[in-house]
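A.B. asks: Sending over a structure as structure tokens; questions will come in a sec.
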Amino acid sequence: MSGSTSVFNQPKPVVKLEQALLDAINAGIAPYPIPDGRKYGYGTAGFRMKANLGLNHVVYTVGLLAAIRAKKRNATIGIMITASHNPAEDNGVKLVDPMGDMLEQSWEGYATVLANTSNEEMAQAYEHLVNETLVDEIRQLQDRPANIVFGRDTRTSGPSLIKALKAALDAVGATYHDYGYLTTPQLHYMVRCVNTQNTPYAFGEATEDGYYKKMANAFKTIMYGRKIHGSVTADCANGVGGPKLQELIKYLPTAAEGGIDIKVINDDVLKPEALNFDCGADYVKTKQKAPPSSKAGPNERCCSLDGDADRVVYYFTDSNGVFRLLDGDRIATLGAVFLAEMAEKAGLSDKLKIGLVQTAYANGASTEYVEKVLKLPVVVTPTGVKHLHHAAARFDIGVYFEANGHGTILFSDNATKTIRETQPKNPGQKHALDSLSASIDLINQTVGDAISDMLFAEVVLAHKAWTMENWLNTYIDLPNRLVRVEVHDRSIFKTEDAERKLVSPKGAQEEITRLVSNYTKGRSFARASGTEDAVRVYAEAYSKHEAEALAKHVADVVKKFGAAPDPRG
Ligand code: NG1
Ligand code: ZN
């Protein structure tokens with residue numbers, strides 16, 4: 001290994017691997033050199049980039065790392081090939097840990113180092129990594145099997161990336177199962193199912209059929225006797241969520257049977273360039289408008305998934321023709337309302353601690369609603385679902401969502417046991433316990449799942465007999481503005497307090513605090529983006545005009561502090 005970024009400390013490997021294995025690793029990666037000057041980093045969502053910039057090299061190294069991780073954890077590891085809401089020519093890869101959660105953070109560094117290793121040094125780097133991570137156990141662990149499962153979205157670069165992945169897994173003798181097309185949350189689900197089968201925590205059957213059946217059965221249980229009003233139009237971003245949602249629909253009762261009428265749009269996966277183009281959750285959230293392809297009339301329920309179906313946002317056009325968005329904050333509060341109500345009816349309010357987890361981007365009105373009206377605690381974490389996920393796991397029922405629509409609900413082992421073992425004393429309590437129990441199965445607890453979140457939102461609306469207007473009126477969003485500011489070096493913008501305060505550059509936070517104090521219900525913060533070379537400024541205030549003015553002034557502060565140093569000194 002060369003370069004100062006190496007995390008492989010030993011100058012020489014402690015345990016030598018067989019030469020045949022090292023030769024196989026080198027032979028396998030030969031077709032996939034790093035293009036000149038490319039650098040890769042394992043970010044919030046794994047590696048993501050234009051697929052033709054050496055991504056097959058990266059995917060090969062992810063295959064190697066997955067095999068080591070599988071041995072280390074003595075469990076099956078997952079790999080998902082997708083670039084989510086990014087354009088069609090991008091792709092990406094990420095690792096999924098045994099319980100269906102994101103790769104443990106301390107291993108992201110290994111992934112980055114291995115991805116940046118040249119072909120000539122790959123076998124040696126693998127040997128170093130085996131020694132580094134499997135340290136004491138190495139002699140026993142080397143012989144453990146390495147089981148991997150993987151899936152991909154519908155991008156055209158997928159097959160060639162899978163070929164590189166298989167080459168790596170074959171080189172190190174890993175065993176694997178290729179699921180073909182899957183949504184990201186389906187792959188997370190499979191990993192957890194495989195690793196929990198034949199245990200008291202069995203999550204389900206590790207097949208697509210198992211996934212649909214589990215969800216459909218839970219849906220039927222919660223729906224019992226309720227009616228979903230009208231249809232829901234689901235925009236699938238022309239991604240893998242389209243065919244998967246179509247498949248799920250076959251398992252669900254129709255509206256006439258007391259089920260649901262889902263109108264699927266933008267499910268064309270044969271036209272590669274259509275993916276995420278003028279549609280999908282990211283389009284709707286950032287443009288604050290419906291996809292042009294949407295033909296829904298006034299007050300009709302619509303939702304949009306992203307390209308790999310791990311995000312969902314709702315929206316409708318009101319009677320005055322105004323576009324209304326119900327984003328992740330709204331789905332979170334909707335879920336919290338329902339679960340708190342059911343817990344109360346089940347007589348479990350005292351036993352189950354319910355809480356909400358948000359990031360600083362959540363609308364202040366949603367936070368106030370949860371704390372003051374629902375009287376539930378709110379925890380704020382830094383951006384990135386892994387932070388939210390961990391914080392949510394500290395509650396018995398932890399609801400977490402990013403404003404962009406990625407989120408889910410976690411039930412602790414204690415909650416699951418309490419809900420499933422409490423004996424009802426009357427029909428009302430029985431219904432509440434059954435609904436809570438079915439929610440545990442309906443919600444994909446491994447990761448945000450657009451399809452599962454959508455079904456959950458639909459049943460909650462049915463339970464409450466709420467229209468979109470009713471849902472929207474639970475609280476009024478504070479007007480807000482998100483601005484992207486390009487600076488000389490975004491790394492100087494360091495934050496604390498869940499990214500709500502700048503600690504560097506010195507003096508910047510004082511200026512922001514002073515500005516905020518001039519606005520009614522003003523709140524603003526600046527933080528470096530983790531996915532783009534920019535600083536994001538968020539501002540909200542009592543009126544639209546004030547929110548915009550505050551955002552502009554704070555952006556000016558960021559520009560001033562982020563300007564390139566004067567070359568004259
Ligand atoms: P960054 O670029 O770090 O702000 C964005 C989103 C996150 C999350 C990540 C990962 C905003 C403001 N930020 O992060 O919510 O989704 O991408 O994809 O939406
Ligand atoms: Zn996604």
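Computed from the coordinates by the stated procedures, all read-outs in this text should not be read as laboratory data. Fair warning: this is a prediction, and the values are worked out from it, not measured in the lab. Every residue, glycine as well, gets a Cβ built from its backbone with ideal geometry; the counts of neighbours run over all protein chains shown.
A.B. asks: As a test, work out the antiparallel percent of DSSP beta bridges whose residues both lie in the chain, rounded to the nearest 5.
C.D. replies: Looking only at bridges with both residues in the chain, the antiparallel portion is about 60 percent.
A.B. asks: Shifting gears a bit: Given R₀ = 35 Å, FRET efficiency for Ser118-Phe277 by Cβ-Cβ distance, to 0.05?
C.D. replies: On the way: r = 36 Å, r/R0 = 1.02.
Computed FRET efficiency for Ser118 and Phe277 comes out at 0.45.
A.B. asks: Ranked by Cβ crowding within 10 angstrom, fewest neighbours first, how are Glu511, Glu104, Glu402 ordered? Present the calculation step by step, with values, prior to reporting the outcome.
C.D. replies: Values: Glu511 17, Glu104 13, Glu402 23.
Ascending number of Cβ neighbours within 10 Å: Glu104, Glu511, Glu402.
A.B. asks: Okay, next question. Give me the percent of Cα-Cα pairs in the stretch 325-482 that sit more than 22 Å apart, rounded to a whole number.
C.D. replies: Summing the P(r) of the stretch 325-482 above 22 Å gives 36 percent of all pairs.
A.B. asks: Could I ask something else about it? Would you please give the FRET efficiency between Thr286 and Thr199, computed as 1/(1 + (r/R0)^6) with r the Cβ-Cβ distance and R0 = 51 Å, to the nearest 0.05? Kindly include the intermediate steps, with their values, before the conclusion.
C.D. replies: Numbers: r = 42 Å, r/R0 = 0.82.
Between Thr286 and Thr199 the formula returns 0.75.
A.B. asks: Could you pull out which residues in the stretch 456-498 have an amide N less than 19 Å from a spot 7 Å beyond the Cα of Ser349, following the Cα-Cβ vector?
C.D. replies: Label zone hits: 464.
A.B. asks: Multiplying the sequence separation of Lys521 and Arg144 by 0.36 nm and subtracting their Cα-Cα distance, what value in nm do you get?
C.D. replies: 129.9 nm
A.B. asks: Given H placed 1.01 Å from N in the peptide plane, which residues other than close sequence neighbours of Ile79 have an amide H under 5 Å from its amide H?
C.D. replies: It is Val96, Val149, Phe150, Gly151, by chain and number.
A.B. asks: Given points 7 Å out from each Cα along the Cα-Cβ axis, report the Asp23 to Arg226 separation in nanometres with one decimal.
C.D. replies: 6.3 nm
A.B. asks: Here's something else I'd like to know. On full extension of the chain, what length is gained from Val373 through Val322, given 0.36 nm per residue of separation minus the C-alpha to C-alpha distance?
C.D. replies: Taking Val373 through Val322 to full extension adds about 15.7 nm, to one decimal.
A.B. asks: Check which residues have an amide H placed less than 5 Å from Tyr176's amide H, if you skip close sequence neighbours.
C.D. replies: Amide H neighbours of Tyr176: Ile148.
A.B. asks: Another question, then. Might you report the magnitude of the Cβ-based charge dipole of the chain about its Cα centre, with Lys and Arg at +1 and Asp and Glu at -1, to the nearest 20 debye? Numbers along the way, then the final one.
C.D. replies: Numbers: 64 positive and 68 negative charges, 172 e Å.
With Lys and Arg at +1 and Asp and Glu at -1, about 820 debye.
A.B. asks: Moving on to the next point. Work out from phi, with θ = phi - 60° and the Karplus expression 6.51 cos²θ - 1.76 cosθ + 1.60, the ³J(HN,Hα) of each residue of the stretch 186-193, listed in order in whole Hz, and give x for Gly and Pro.
C.D. replies: Listing the rounded values in order: 5, 5, 4, 4, 4, 4, 5, 4 Hz.
A.B. asks: Something else now. Can you pull the one-decimal nm distance between simple spin-label points at Asn470 and Thr175, each 7 Å off the Cα toward Cβ?
C.D. replies: Here the answer is 5.2 nm between the modelled labels.
A.B. asks: Let me ask you something else. Test of understanding: what is the full-extension gain from Met99 to Ala256, defined as 0.36 nm times their sequence separation minus their Cα-Cα distance?
C.D. replies: Result for the pair: 52.8 nm of gain on full extension.
A.B. asks: Can you give me the distance in nm between label points at Leu270 and Ala75, each placed 7 Å from the Cα along the Cα-to-Cβ direction?
C.D. replies: 4.1 nm
A.B. asks: Given a Förster distance of 30 Å, report the FRET efficiency between Leu53 and Glu496 from their Cβ-Cβ distance, rounded to the nearest 0.05.
C.D. replies: 0.30
A.B. asks: Something else now. Between the stretch 231-304 and the stretch 306-331, what is the C-alpha centre distance in whole Å?
C.D. replies: Cα centroid of the stretch 231-304 versus Cα centroid of the stretch 306-331: 11 Å apart.
A.B. asks: Could I ask something else about it? Report ³J(HN,Hα) in whole Hz for each residue of the stretch 279-286, in order, from the Karplus equation J = 6.51 cos²θ - 1.76 cosθ + 1.60 where θ = phi - 60°; Gly and Pro get x.
C.D. replies: 6, x, 4, 5, 4, 5, 5, 7
A.B. asks: Place +1 on the Cβ of every Lys and Arg and -1 on the Cβ of every Asp and Glu in the chain, take the dipole about the Cα centre, and give the residue among Asn276, Asn86, Gly384 whose Cα lies farthest towards its positive end.
C.D. replies: Among Asn276, Asn86, Gly384, the one farthest towards the positive end of the dipole of the chain is Gly384.
A.B. asks: Let me ask something else about it. Can you list residues from other chains, or at least 5 along the same chain, whose modelled amide H is less than 5 Å from the amide H of Val357?
C.D. replies: Under 5 Å from the amide H of Val357: Val379, Val399, Tyr400, Phe401.
A.B. asks: Using the Cα atoms of the chain, I'd like the radius of gyration and the largest Cα-Cα distance, Dmax, both in angstrom.
C.D. replies: Cα-based Rg and Dmax for the chain come out at 24.3, 80 Å.
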